[in-house]
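As structure tokens, the structure follows; a few thoughts come after it.
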Amino acid sequence: MKSWAHDLEGLAEDFEEIFSGTQYAEVGSDLHQLGDGSAELRLRPWSGAQAWHLDLFLAGWSNHPYDGVPPERRVEVAAYTDQVAGLCDGRLRENDLRTAAANGGAAAVDRLVREQVERLDQRHGALDVLHGSLLDDDLRLPHWALNFMLHEIETLHGDREWLAAAVLTYHHGTAGNRPENVFGGIGFVFTHGSIDLARGNRAQTAGGWAGLMRAMAHEHNSDEATATQPAVS
């Protein structure tokens, strides 16, 4: 904090400034600082005491894909985000496996890979719980929830694919021709075009890497334009 120098009164004034007016949002019983960053300060009631606990919420409600979550459904999404926050610490590379081998041999490599697989499985379990909590009465996902789930599914799939490629490359020198991850999209890129695997419409694009990036940029711009159009009554 800007005034923190063992100055508790100044620190309290900073918090009062942040969590006042329109600078905060209520998410259940918590208060979130609103801003443009990728993390938000959060005040949570301290159980059994007339006090608050301050921590970081490792996402931002103004950033994609969180910006599409309705305020009344932020509690479920926040719970999911907290659950997976400690499970996403970067994508494993073959060099990480070589380092583990140099320090602890084959057993160290095995432990590292198993730890990563366990984390991916835990993230899948958290996503499964979130999916169930967001279903409507017809057991379908609202549009905003489907978009959020697709983003998280693509990220999870990409991380698992990255791990598999690292293991293959470490043991065999190459991961072969595998799906590519471009701006969160997952697909096979060929010489004259690409086919997106994760999109519901199985999108096809022409022009290899450049075509895939153009198509994804067009889709992103189209989504933004749709979101800003006024509702027709």
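The values are calculated or read from the model by the stated rules, or taken from the named source; none is laboratory data. Note that the structure is a prediction, hence the values are computed from the model and not measured. Here Cβ is always computed from backbone atoms with ideal geometry, including for glycine, and neighbour counts include all displayed protein chains. Side chains are part of the model used for accessible areas, which takes the heavy atoms of the whole protein and leaves out ligands, DNA and RNA. Shrake-Rupley method; radii C 1.70, N 1.55, O 1.52, S 1.80 Å.
Taken about its Cα centre, the range 117-169 carries a charge dipole of about 160 debye when Lys and Arg each add +1 at the Cβ and Asp and Glu each add -1 at the Cβ. Computed over the range 83-191, relative contact order equals 30 percent, with contacts defined as Cα pairs under 8 Å that lie 6+ residues apart. Proximity of backbone amide H atoms, modeled 1.01 Å from N, is registered between ALA59 and GLU40 at under 5 Å, excluding neighbours fewer than 5 places apart on the same chain. For the range 22-84, the share of accessible area belonging to carbon and sulfur comes to 51 percent (1.4 Å probe, ligands and nucleic acids excluded).
Coupling constants for the range 77-89 follow from the phi torsions by the Karplus curve (6.51 cos²θ - 1.76 cosθ + 1.60, θ = phi - 60°), and in residue order they are 5, 5, 4, 4, 4, 4, 5, 9, 4, x, 9, 10, 10 Hz; glycine and proline get x. One quarter of the surface of the convex hull around the alpha-carbon atoms of the range 50-129 equals 8.1 nm², the direction-averaged projected area.
Counting only the Cα atoms, the range 118-193 fills a convex hull of 109 Å³ per residue.
Less than 5 angstrom separates the built amide H of GLY193 from those of GLY207, GLY208, all sequence-distant by 5 or more or on a different chain. Here the Karplus relation 6.51 cos²θ - 1.76 cosθ + 1.60, evaluated at θ = phi - 60°, turns the backbone of the range 168-178 into coupling constants of 4, 5, 4, 8, 10, x, 7, 9, x, 7, 10 Hz, with x for every Gly and Pro.
Here the accessible area of the range 111-192 is 54 percent carbon and sulfur, with a 1.4 angstrom probe and all protein chains present.
A crude spin-label estimate for the pair GLU26 and CYS88, with each label 7 Å from Cα along the Cβ direction, gives 2.8 nm. Computed 3J(HN,Hα) for the range 138-152, one whole-Hz value per residue from the Karplus formula 6.51 cos²θ - 1.76 cosθ + 1.60 where θ = phi - 60°, is 8, 6, 10, 8, x, 4, 5, 5, 4, 4, 5, 4, 4, 4, 5, glycine and proline marked x.
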